[in-house]
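*Asks:* Below: one structure in structure tokens.
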Amino acid sequence: MSVAGMAPIIATVLRILNWFGLSYFLALNTIYLILIILASINLGSYFRRKSLTGLEDALSSPATLPVSVLMPAHDEEAGIVESARAVMSLQYPQLELIVVDDGSSDATFDRLREAFDLIEIPMQIPELVPTLGQIDSVHIARGLNDLTVIRKHSVGKKTDAVNAAINVAKYPLICVVDADAILDADALIKVAMPFIDDPQRVVATGGAIRPSNGCSAYRGRITEVRMPKKWLAKIQVIEYLRAFLLGRTGWSKLGALLIISGAFGVFRRDVVIAIGGYDLSSIGEDADLVARIHIYMRGLKTPYKVTFVSEPVCWTEVPENITVLRRQRRRWSRGLVDTLWSNKSLFMNPKYGTLGLLAVPYFFFFEVLGPVVELTGFFLLIVALYFNFVNVLFAGLFLAVAILYGILLSILSLLIEEVSFHRYNKWKFLYQAVVSSIIENFGFRQMHAYWRLEGVFQALRRTDRSWEAMPRKGLVSDQSGSIS
Amino acid sequence: MRLALVVSVLLLLISIFAMLVTTVIIRLVRTKTEARSAVQEAKLRGLLVRFLSEDLSLFELQELKRIDSSQFDEISEAMLSKVKGRAKDILVSFLYSRGAIDKAIERTRKLGCLGRCKAAAFLGNVGIPEAREPLESMLRDRRQDVRTLAIRCLGQLGSPESVPALLSAVDDHRRPVPFGAVLVALMRIGSQGKGSVKAGLEFGGTRCRAVTAEILGMEGSTEDTTVLISLLENDPSLEVKLRSARALGRIGSPKAIRPLSECLESHKPTALRIVTCGALAAIGDRDTVQEIITLLNDEDYQVARAAAKAASQMGPAGIEQLNLIAASNSRGAAFAKEALARLAAKAPSAS
């Protein structure tokens, strides 16, 4: 058959593929729309009952389970002292902080030693969960019972540092917090409330993560919420709101939460120990841990809950330049593939309910394969346009539907934020958020798809990566206190 | 198909525009109402404060309250939790006169869950005896959040007559309630309810007995030692044993030493042995130091660590023994060194 003779076949194939691409976009965004609607129902109910939640009782109750806060740190000299102080002053009846200095090459440990008058203690550490890096020393703060600092050799894995802290932790709940994270004063008690309300069933809870760039901070607390100065970070504010806050609230409502952010999550220590702690070979450690908790708990055949609490906020610095953001997103994508592969028994498995039948297939078909379909779709559309297999108006409409649906979801998320949390309370911020919701679709979204695709390929090639430290500006504790 | 796409684009554009307009309207309304209600609230609160300090008569107040009746009620309700004594009595009488209390009692039976919750919270704040019955009936509500709130409000009410209802609620498996909420409620009721709490041991299930043990320990009365010893020795539930051991430690009666020491035996559950170490340390009897020190060589590292910590809390006798162990080559030396180092770290720096 001649090339001319093949043209109608190619045109038909391209048209089918383009339609497939559009349907895929619509399906993806519709799932998001459903999740956002579910989240809004959940948030509505939460806010109506907010004043009745009994936080004060939980703070004074001897039955409130004590928490060990685990803070792995690697080259965090800029903000480690502020972060540690902020954690120790959280509103919570009983907590201990365990900082793991995981082979920092900077002055992370020296800063801690100076600030807290650390003294070394001899300590027998049981190997409840596996660790690789040798522990050099354990230190406690003079005059304080609640701070332990572990110095260890780094094997380049955050999971190893967290596991070392789990072995030292003494309380029944553990909360893993990033060293650069800033928690709201009541964040810990709020994220632990499900354990207080339903101690028999709740095994893990996660709190919301929001970008701290641009915000004012004083003594490790956010004092004024502002939009970041750079557009790349502004776009991430919308992204975090849509995907991490509302998306996860929606999954939690469905009882199918797969990811609790490594930056802020609380777990029952006995369950984490029973599953062997964090998997040291895992790249997406946070999702992997939650997936294994689901598998373990289903195996026990006892009712359990993994929930997301949208109000307690953990503020974290997001990348403000393309290189760092690319690295972060590649890692997330690689981690997701790794998690889905390691826990493939969850996939389409009715034994795991909505998690196995909905969440895991969603993550596979839309989060892992999403960038493949998205980029292939764009490429084929360009090819089809070039060879005149589709007309320009049709292609334009086609693209417009896909992009407008994305914008709709972002604006809907903003609307929900406005009604519920209302954190960005200046008109200027609202305007910037709206503009970010629109411009996100032109360039950022495509770049993001490409980075995720890179991550998928890296996962397939089993590329190993160690701590990928993000350059931090750290918290500034002066009068202005602005982070960026 | 093209038409479908065009329609979709138009619909999406309209939806986006509508959402943007809604967002802006919500913000505008919020900005306006927040500012207005703040001014109004300050004014009404001022009036209410004058009324409570008897600077304004009820007649004058009722004339003025016409400003905004619903907001006035809200402020009055919010103020309930902030005032005490005579001011509270005046406020409660005022709310009575407005029919707010009767309305709240009625609302506890309404269909809307939020309405029931708010009514319960209001009744808890009012703290009048008439609120007890409706609140107790809410312990059987179909929703857990309502039941939990009712427990809290019964605690605020502080009536010892609520104790049996609270103890039944903690044992109700069909309608579970948080253990901690019941505990706090009973703590608030305090020593007045202790008789009823102890009576709960007769009919109560595991959770009821556990909460009883905890409360008896908090009240700290030596007369309860026998009851707690009996729970420690005979109760089939580990949870109850643990709480009894802790309670005995808090009370500190020497009568508890022997039964507690028996719990240190190697065949006893690890958790019980750990808690018992702490309890014996809290009693602080010199004669038990040696028993605890022996545990430093226990096979279970958790027990050994708990024993070392307990010994470090038992004064010079415990520290002396720890020093001896630390200087030895025994298995417990590491735990002894750790406990001593932790003890040293508690002391303020010489510099």
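The values are calculated or read from the model by the stated rules, or taken from the named source; none is laboratory data. Computed from a prediction, not measured in an experiment: that's the story for all the values here. Every residue, glycine as well, gets a Cβ built from its backbone with ideal geometry; the counts of neighbours run over all protein chains shown. The protein model used for the area step is the full one, side chains on, heavy atoms only, and it has no ligands, DNA or RNA in it. Shrake-Rupley method; radii C 1.70, N 1.55, O 1.52, S 1.80 Å.
*Asks:* Take the alpha carbon atoms of region A:294-353, find their center, do the same for region B:96-155, and report the distance between the two centers in whole angstrom.
*Replies:* 40 Å
*Asks:* What relative contact order, as a whole-number percentage, does chain A give when Cα pairs under 8 Å and 6 or more residues apart are counted?
*Replies:* So the answer I get is 20 percent.
*Asks:* Okay, next question. Just to verify a number: FRET efficiency for A:Glu120 and A:Leu59, C-beta to C-beta distance, R0 = 30 Å, to 0.05?
*Replies:* 0.35
*Asks:* Let me ask you something else. What aspartates and glutamates sit close enough to B:Lys43 to cross-link, taking a C-alpha to C-alpha distance under 12 Å and skipping anything fewer than 8 places away on the same chain?
*Replies:* Leaving aside aspartates and glutamates fewer than 8 places away in the same chain, those within reach of B:Lys43 are B:Asp68.
*Asks:* Can you list the aspartates and glutamates whose alpha carbon sits under 20 Å from that of A:Lys234, skipping same-chain ones fewer than 8 residues off?
*Replies:* Those aspartates and glutamates meeting the cut-off are A:Asp180, A:Glu224, A:Glu317, A:Glu320, A:Glu417, A:Glu418, A:Glu440.
*Asks:* Leaving out ligands, DNA and RNA, what percent of the accessible area of region A:243-283 is carbon and sulfur, probe 1.4 Å?
*Replies:* Accessible surface attributable to carbon and sulfur in region A:243-283 totals 52 percent.
*Asks:* Chains A and B: how much accessible area gets covered up at their contact, both sides added, probe 1.4 Å, in Å² to the nearest hundred?
*Replies:* 4600 Å²
*Asks:* If you don't mind, there's one more thing I want to ask. Compute, for A:Thr30, the solvent-accessible surface of its heavy atoms (probe 1.4 Å) with the complete set of protein chains present, and express it in square angstrom to the nearest 10.
*Replies:* About 50 Å², ignoring ligands and nucleic acids.
*Asks:* Another question about this same structure. Roughly how many debye, to the nearest 20, is the charge dipole of region A:1-86 about its Cα centre, given +1 on each Lys and Arg Cβ, -1 on each Asp and Glu Cβ, and no other charges?
*Replies:* That gives a dipole near 640 debye.
*Asks:* Let's test the formula: R0 of 30 Å, r as the Cβ-Cβ distance of B:Tyr301 and A:Tyr296. What FRET efficiency results, to the nearest 0.05?
*Replies:* Once the sixth-power term is evaluated, E becomes 0.80.
*Asks:* If Lys and Arg each add +1 and Asp and Glu each add -1, what is the summed charge of the other residues whose beta carbon sits under 14 Å from the beta carbon of B:Leu280?
*Replies:* +3
*Asks:* Could I ask something else about it? Treating the angle as unsigned and between 0 and 90°, give the value, to the nearest 10°, between the Cα long axis of helix A:187-197 and the longest Cα principal axis of chain A.
*Replies:* Between helix and principal axis, roughly 90 degrees.
*Asks:* For B:Val182, A:Val419, A:Val81, give the ranking by accessible area with the largest first, probe 1.4 Å.
*Replies:* Output order, biggest surface exposure first: A:Val419, A:Val81, B:Val182.
*Asks:* Using the Cα centre of chain A as the reference point, and only Cβ charges (+1 on K/R, -1 on D/E), how large is the resulting charge dipole? Debye, rounded to the nearest 20.
*Replies:* Using only the charged Cβ atoms, the result is roughly 1380 debye.
*Asks:* For region A:109-169, state which GluC sites (Glu not before Pro) are in a DSSP loop and have at most 12 other beta carbons lying within 10 Å of their beta carbon.
*Replies:* Those that pass, being in a loop and sparsely packed, are A:Glu127.
*Asks:* Then there is this: Could you work out what % of the accessible surface of region B:284-343 is carbon and sulfur, using a 1.4 angstrom probe and leaving DNA, RNA and ligands out of the count?
*Replies:* In region B:284-343, the share of accessible area belonging to carbon and sulfur is 50 percent.
*Asks:* As a test of reading the structure, rank A:Lys158, A:Lys426 by solvent-accessible area (1.4 Å probe, protein chains only), most first.
*Replies:* Putting A:Lys158, A:Lys426 in descending order of accessible area: A:Lys426, A:Lys158.
*Asks:* Quantify how strongly other chains surround peptide B:1-11 by giving the mean number of their Cβ atoms within 10 Å of each of its Cβ atoms.
*Replies:* 4
*Asks:* Sorting A:Ser137, A:Ser51 by accessible area (1.4 Å probe), largest first, what list results?
*Replies:* Descending accessible area places them as A:Ser51, A:Ser137.
*Asks:* What residue among A:Val266, A:Ala107, A:Leu128 has its Cα farthest toward the positive end of the dipole of region A:55-317, where the charges are +1 on Lys, Arg and -1 on Asp, Glu, each on the Cβ?
*Replies:* Towards the positive end, the residue furthest out is A:Val266.
*Asks:* Continuing with the same structure: What figure in square angstrom, to the nearest 10, would you give for the accessible area of B:Arg140 with a 1.4 Å probe?
*Replies:* Only protein atoms counted, so the area is about 150 Å².
*Asks:* Counting alpha carbon pairs within less than 8 Å and at least 6 residues apart, what relative contact order, in whole percent, applies to chain B?
*Replies:* 7 percent
*Asks:* Average projected area of the Cα convex hull of region A:55-317, in nm²?
*Replies:* 13.7 nm²
*Asks:* How big is the dipole moment of region B:68-152 about its Cα centre under a simple scheme where the beta carbon of each Lys and Arg is +1, that of each Asp and Glu is -1, and everything else is neutral? Debye, nearest 20, please.
*Replies:* Roughly 300 debye for region B:68-152.
*Asks:* Suppose all protein chains stay in the model; what accessible area per residue would a 1.4 Å probe give for the protein assembly as shown, in Å²?
*Replies:* So the protein assembly as shown comes to 42 Å² accessible per residue, rounded to a whole number.
*Asks:* If you don't mind, there's one more thing I want to ask. Along the charge dipole of the protein assembly as shown, Cβ charges K/R +1 and D/E -1, which of B:Thr33, A:Asn321, B:Ile105 sits furthest on the positive end?
*Replies:* Checked the options; the winner is B:Thr33.
*Asks:* Same structure, new question: How large is the helix-only mean residue ellipticity at 222 nm for chain A, computed as the sum of -39500 (n - 2.57) over DSSP H runs with n ≥ 4, divided by its residue count, in deg cm²/dmol to the nearest 500?
*Replies:* Theoretical 222 nm ellipticity from helices: -15000 deg cm²/dmol.
*Asks:* Strictly over 21 Å apart at the Cα level, which of A:Lys158/B:Lys309; A:Lys230/A:Lys428; B:Lys309/B:Lys337; A:Lys229/A:Lys426 would you flag in this model?
*Replies:* Table pairs above 21 Å Cα-Cα are A:Lys158/B:Lys309.
*Asks:* Moving to a separate point now. Specify which residue in the list A:Ala233, A:Tyr32, B:Ala304 is farthest towards the positive end of the charge dipole of the protein assembly as shown, using unit charges on the beta carbon of Lys, Arg (+1) and Asp, Glu (-1), about the Cα centre.
*Replies:* Of the candidates, A:Tyr32 comes out farthest on the positive side.
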